[in-house]
Structure formats: C-alpha cells, structure tokens
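Student: Take a look at the following structure, please.
The values are calculated or read from the model by the stated rules, or taken from the named source; none is laboratory data. Small disclaimer: the values here were computed from a predicted structure and weren't measured. With ideal geometry, Cβ positions are generated from the backbone for all residues, glycine too; neighbour counts draw on all protein chains shown. With ligands, DNA and RNA removed, areas are computed over all heavy atoms of the protein, side chains included. Shrake-Rupley method; radii C 1.70, N 1.55, O 1.52, S 1.80 Å.
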Amino acid sequence: MAFLFALLVVLVKVGLVALASVRLVPYGHEWTVERFGRHCRTLRPGLNLIIPGVESVRHRINVMSRQVEVRRHNVLSADNAMVGADAHCSYRVSDAALAGEKLEDVDLSMHDLVLRRIGEVLSSLELAALMGNRALINSLVTAKIEAVAGSWGVKIDDFEFSRLRHLPLR
C-alpha cells in the first residue's frame, strides 16, 4: 500500500513538471527565454518546451504590425514659422530578444521616437522647404526613425505625413 502511494506521488510530480515545461505561444507573438538570467533563445508561435526551474519566459513580445498616429503636432520651423503635422508610422518588431532587452514598452517608445524625429526634421527646415517637398521630408524622417529603431529590433514599414500645414502664431 505504501508503495502504491509513493508511486502515485512520483507520477503526480512528474506530471506537474511536464505541464510546467510546456508553453503555447500565440500567433503574432514571440517569447524570450532566459536560462539563469541570460537570454538563451526565443520561442516562436506554437507549442514549445522549456526546462522548469532552469529556464523562464522573460518577455512576451507582440511582433505583428502596429501603427503610431501623430495628430496636431506643432513645431517651429528654422525660420520661426509654426507648422502643424499629422502623420502615421507603421512598424513591427523584427528581433524580439533585442526589443525585450532594450525597451520596456515598445508602443510608447515608438510613439516618443516618432514625435522627437518629426520635431527634429521639421525644426531644421524652413517653411518654404517644408511645404514644397513632402516626399523628401517623409524620407528624412523615415531615415532618422530607422536609425534608432533598428538598434531596438524594430523595423519601420511605412512613415507618411498625412497633413502638413502652416499655423499662424498667436
């Protein structure tokens, strides 16, 4: 009788360890796994196995395409004219391990980055240049965003100003 009880306890423990080692990653996500505090691999969507007690899931990263919408962002141009900008930026995480290590919140970081780079580019140009060549300005902002976002493991799919307008100073 004691033998059957011990066997049952062992089987329950083995079953719990087996359940703890299975991870089901949803579509559009990647999870980073750390072994003793260091990144060792990235789990792709589907059924995955980890070693319980040794490995742990650290970051759950959404790798689907997302958008940043910028509305009514006002910037002073190089010749002190007020310019209003509306823009959108499509991006996705291309390296989940790098994004998980570098960023706490991907969406917030991308929103801040887009706002800063729009302000940087628009404030470096004069009003006539801003209103004359939107394609050039789109490519300048895209290049500046990609330079930083690439080091975060984020790929820029598209950036475009939906509206640029001159605003009267109050």
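Student: Sort out the exposed loop chymotrypsin sites (Phe, Trp or Tyr not before Pro) in the chain (DSSP loop, at most 12 other Cβ within 10 Å) and tell me the longest stretch that has none.
Tutor: Segment 37-170 is the longest.
Student: What are the semi-axes of the equivalent ellipsoid for the chain, taken as the square roots of 5 times the Cα gyration tensor eigenvalues, largest first, in whole Å?
Tutor: 51, 12, 12
Student: In Å³ and rounded to a whole number, note down the convex hull volume per residue for the Cα atoms of segment 127-168.
Tutor: Dividing the Cα hull volume of segment 127-168 by its residues yields 78 Å³.
Student: What is the gain in length, in nm to one decimal, between residue 138 and residue 157 on full extension, counting 0.36 nm per residue of separation less the C-alpha to C-alpha distance? Walk me through the intermediate numbers first.
Tutor: Working: separation 19, 0.36 × 19 = 6.84 nm, distance 1.27 nm.
Result for the pair: 5.6 nm of gain on full extension.
Student: Evaluate the charge dipole of the chain about its Cα centre and quote only its size in Debye, nearest 20, assuming +1 on the Cβ of each Lys and Arg and -1 on the Cβ of each Asp and Glu.
Tutor: 360 debye
Student: List the GluC sites (Glu not before Pro) in segment 29-104 that DSSP assigns to loop (not H, G, I, E or B) and whose Cβ has at most 13 other Cβ atoms within 10 Å. Which are they?
Tutor: 104
Student: Between residue 49 and residue 4, 0.36 nm times their residue separation minus their Cα-Cα distance comes to what?
Tutor: In short, 13.2 nm is gained.
Student: How many percent of the accessible area of the chain is carbon or sulfur, using a 1.4 Å probe?
Tutor: 58 percent
Student: Bin by bin, in steps of 5 Å, what percent of the Cα pairs in segment 86-147 do you find, going until the bin that has the longest distance?
Tutor: Going out from 0 Å in 5 Å bins, segment 86-147 shows 3, 15, 27, 22, 14, 9, 6, 3, 0 percent.
Student: Another question, if that's okay. Contact order normalised by length for the chain, with contacts defined as Cα pairs under 8 Å and 6 or more residues apart; what percent is it? Please list the in-between numbers first.
Tutor: Details: 286 pairs, mean separation 36.9, N = 170.
Taking the mean separation of contacting Cα pairs over the length of the chain, I get 22 percent.
Student: Return the calculated 222 nm mean residue ellipticity for the chain, to the nearest 500 deg cm²/dmol, obtained by summing -39500 (n - 2.57) across DSSP H runs with n ≥ 4 and dividing by the residue count.
Tutor: The per-residue figure over the chain is -13000 deg cm²/dmol.
Student: What angle, in degrees between 0 and 90 and rounded to the nearest 10, separates the Cα long axis of helix 134-149 from the longest principal axis of the Cα atoms of the chain?
Tutor: 30 degrees
Student: If you project the alpha carbons of segment 47-131 onto the principal axes, what extent comes out on each, in Å, largest first?
Tutor: Projected onto the principal axes, the Cα atoms of segment 47-131 cover 61, 18, 17 Å.
Student: Mind listing P(r) for segment 21-96? All alpha-carbon pairs, 10 Å bins, whole percents.
Tutor: Histogramming segment 21-96 at 10 Å steps yields 17, 32, 18, 14, 13, 6, 0 percent.
Student: I would also like to ask the following. Positive end of the charge dipole of the chain (Lys, Arg +1 and Asp, Glu -1 on Cβ, about the Cα centre): tell me which of 167, 97, 82 has its Cα farthest that way.
Tutor: Of the options given, the answer is 97.
Student: Per residue, how much accessible area does the chain have with a 1.4 Å probe, in Å²?
Tutor: Ligands and nucleic acids excluded, the result is 60 Å² per residue.
Student: Please give the solvent-accessible surface of residue 131 in Å², to the nearest 10, using a probe radius of 1.4 Å with every protein chain present.
Tutor: Answer for residue 131: close to 90 Å² accessible.
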